[in-house]
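A quick write-up on the structure given underneath.
The values are calculated or read from the model by the stated rules, or taken from the named source; none is laboratory data. Just so it is clear, the structure is predicted and the values come from calculations on it, not from any experiment. Neighbour counts run over all protein chains shown; Cβ positions are idealised from the backbone, glycine included.
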């Protein structure tokens with residue numbers, strides 16, 4: 001009996017030890033599972049953050065002029081991509097090349113050539129006899145159009161003559177009595193040798209009309225005309241033109257633009273004298289005004305047009321325009337690029353961006369069709385559908401990005417707030433058919449600043465040179481929009497004074 005009790009106690013002790021061991025193992029397994037669960041949770045959070053970061057970095061690497069506000073000139077030529085099918089641009093329906101009805105520039109034979117060179121046969125192709133003195137007829141005509149050799153500049157001398165009267169008095173003429181209008185050019189004070197208005201106009205045309213640096217413009221002028229000028233003179237010609245335009249042309253243009261029913265405004269950087277400046281533009285289809293300054297609201301107002309303007313102002317999303325009393329309209333091309341940057345980075349997670357871009361493109365197409373039909377507003381049902389799709393895309397974007405970490409989701413939420421806050425501005429083109437969808441007019445008018453800067457090695461030498469270019473380009477761009485030749489407009493500027501646009505638009 002005692003042995004049986006001893007065995008039983010031994011078995012119970014072993015069982016208790018085994019249970020305690022199993023409990024320790026289970027507790028260890030539970031702790032390991034808890035740690036692994038916590039590790040998985042941490043790793044999942046890190047994966048979400050890294051995924052969002054990778055998407056943001058891919059968005060930045062894939063940013064170009066088609067999906068961001070970067071200018072086309074910033075795109076690397078080896079990275080040019082074909083246009084994506086989701087582009088906001090619509091096909092015009094025209095074939096590439098010359099359009100039907102365009103007169104073209106093909107050359108035809110002139111009936112009055114300046115020089116005729118006959119080419120005669122000297123020997124008969126049949127009997128090999130001489131053809132000297134035989135009658136000739138024209139078998140074929142061909143002409144070569146070429147430039148004459150560069151001639152020396154024309155020098156005109158003006159002489160003041162003095163005459164002695166019978167009474168003995170000597171009377172000398174003055175410059176005001178000259179019949180030739182160019183006589184005023186050589187009138188005192190100043191050097192007795194002057195450069196004429198056509199040469200001045202050509203200097204300004206090459207630098208401000210064809211965007212050449214001053215040195216290259218001077219060399220080209222000498223090669224084409226034989227007129228040898230100093231580089232500094234070419235620069236001073238631009239300065240003289242800007243000074244003449246500041247007296248009458250700029251105030252006249254500011255007054256006209258202030259009364260326009262619709263204006264386009266934009267800004268771009270201009271690097272001058274090693275620092276960064278800003279060039280601002282206010283323009284219409286027939287008027288262009290540029291001025292140089294900073295990027296603040298006060299600098300925008302210094303153009304003398306926008307502070308009192310109360311019409312419709314088409315512009316981008318820069319907050320510096322918010323203080324203006326105009327009725328604002330947001331450029332649809334800028335918004336389409338912002339939406340595209342999100343959808344390209346995360347097509348599945350940012351479906352709302354694609355839906356919003358499609359909504360804006362459809363609204364733009366509907367507005368264009370309504371204008372073609374002569375309507376002054378969209379059909380109420382069409383407009384209601386646009387607004388419904390607009391709000392639906394925002395609701396989708398809000399739900400998809402709610403609580404999602406990462407820079408891409410944060411950018412999406414920022415863009416969604418912008419679309420909610422500025423809905424009236426963004427859809428202005430659909431509610432008012434006189435308002436265009438894009439700000440392309442301003443972007444076209446301000447692009448020569450970048451062209452001239454690039455041609456000059458990436459920077460203007462002086463801020464004054466950039467300011468002068470802005471003034472002269474305003475004159476040339478406006479004259480071109482009215483169908484005037486740039487060279488004739490500049491020649492007129494240096495003779496009788498600047499040409500002034502008579503109205504906001506041709507009647």
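Set side by side, the residues 476, 466 differ, and just one is closer than 18 Å to residue 239 by Cα, touching a residue at least 12 places away in the same chain (Cβ under 8 Å) and out of contact with any helix residue (DSSP H, G or I) (no Cβ under 6 Å at 6 or more places or on another chain), which is 466.
For the stretch 334-342, does any single residue satisfy the condition of being closer than 18 Å to residue 446 by Cβ and buried (at least 21 other Cβ atoms within 10 Å of the Cβ)? Can you show your working first?
Going through the stretch 334-342, the residues closer than 18 Å to residue 446 by Cβ turn out to be 334, 337.
Remaining after also requiring buried (at least 21 other Cβ atoms within 10 Å of the Cβ): none.
No, that holds for no residue.
Right, residue 453: modelled with pLDDT of 95 or more, assigned to a helix (DSSP H, G or I) and closer than 30 Å to residue 479 by Cα or not? It is false that residue 453 is modelled with pLDDT of 95 or more, assigned to a helix (DSSP H, G or I) and closer than 30 Å to residue 479 by Cα. Of the residues 215, 274, the single one that is in contact (Cβ under 8 Å) with a residue 24 or more places away in the chain, over 22 Å from the mean Cα position of the chain (by Cα) and farther than 18 Å from residue 489 by Cα is 274. For the stretch 295-320, a residue qualifies if it is within 24 Å of residue 252 (Cβ to Cβ), under 21 Å from the mean Cα position of the chain (by Cα) and touching a residue at least 24 places away in the same chain (Cβ under 8 Å), and the qualifying residues are 300, 303, 305, 306, 312, 313, 314, 315. Scanning the stretch 255-279 for residues that are closer than 14 Å to residue 501 by Cβ and surrounded by fewer than 17 Cβ atoms within 10 Å (Cβ to Cβ) yields 255, 259. The single condition among (1) in the same structural domain as residue 321 (by TED's automatic domain parsing); (2) in contact with a helix residue (DSSP H, G or I) (Cβ under 6 Å, 6 or more places away or on another chain); (3) exposed (fewer than 15 other Cβ atoms within 10 Å of the Cβ) that residue 454 does not satisfy is (2).
Scanning the stretch 116-130 for residues that are farther than 12 Å from residue 142 by Cα and in a loop (DSSP other than H, G, I, E, B) yields a count of 9.
Yes/no per residue for (1) at pLDDT 95 or above; (2) under 20 Å from the mean Cα position of the chain (by Cα):
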{"position": "395", "(1), (2)": "yes, no"}
{"position": "404", "(1), (2)": "no, no"}
{"position": "425", "(1), (2)": "yes, no"}
{"position": "428", "(1), (2)": "yes, no"}
{"position": "441", "(1), (2)": "yes, yes"}
{"position": "459", "(1), (2)": "no, yes"}
{"position": "469", "(1), (2)": "yes, yes"}
{"position": "473", "(1), (2)": "yes, yes"}
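Sort out which residues of the stretch 410-424 are surrounded by fewer than 18 Cβ atoms within 10 Å (Cβ to Cβ) and touching a residue at least 24 places away in the same chain (Cβ under 8 Å), and write them in order of number. Show your work before the answer.
Just the residues of the stretch 410-424 that are surrounded by fewer than 18 Cβ atoms within 10 Å (Cβ to Cβ), to begin with: 410, 413-414, 417-418, 420-424.
418, 420, 422, 423, listed by residue number.
When residue 316 is tested against (1) assigned by TED's automatic domain parsing to the domain that holds residue 452; (2) closer than 30 Å to residue 400 by Cα; (3) buried (at least 23 other Cβ atoms within 10 Å of the Cβ), only condition (3) is not met. When residue 159 is tested against (1) part of a loop (DSSP other than H, G, I, E, B); (2) modelled with pLDDT under 75, just one condition goes unmet, and that condition is (2).
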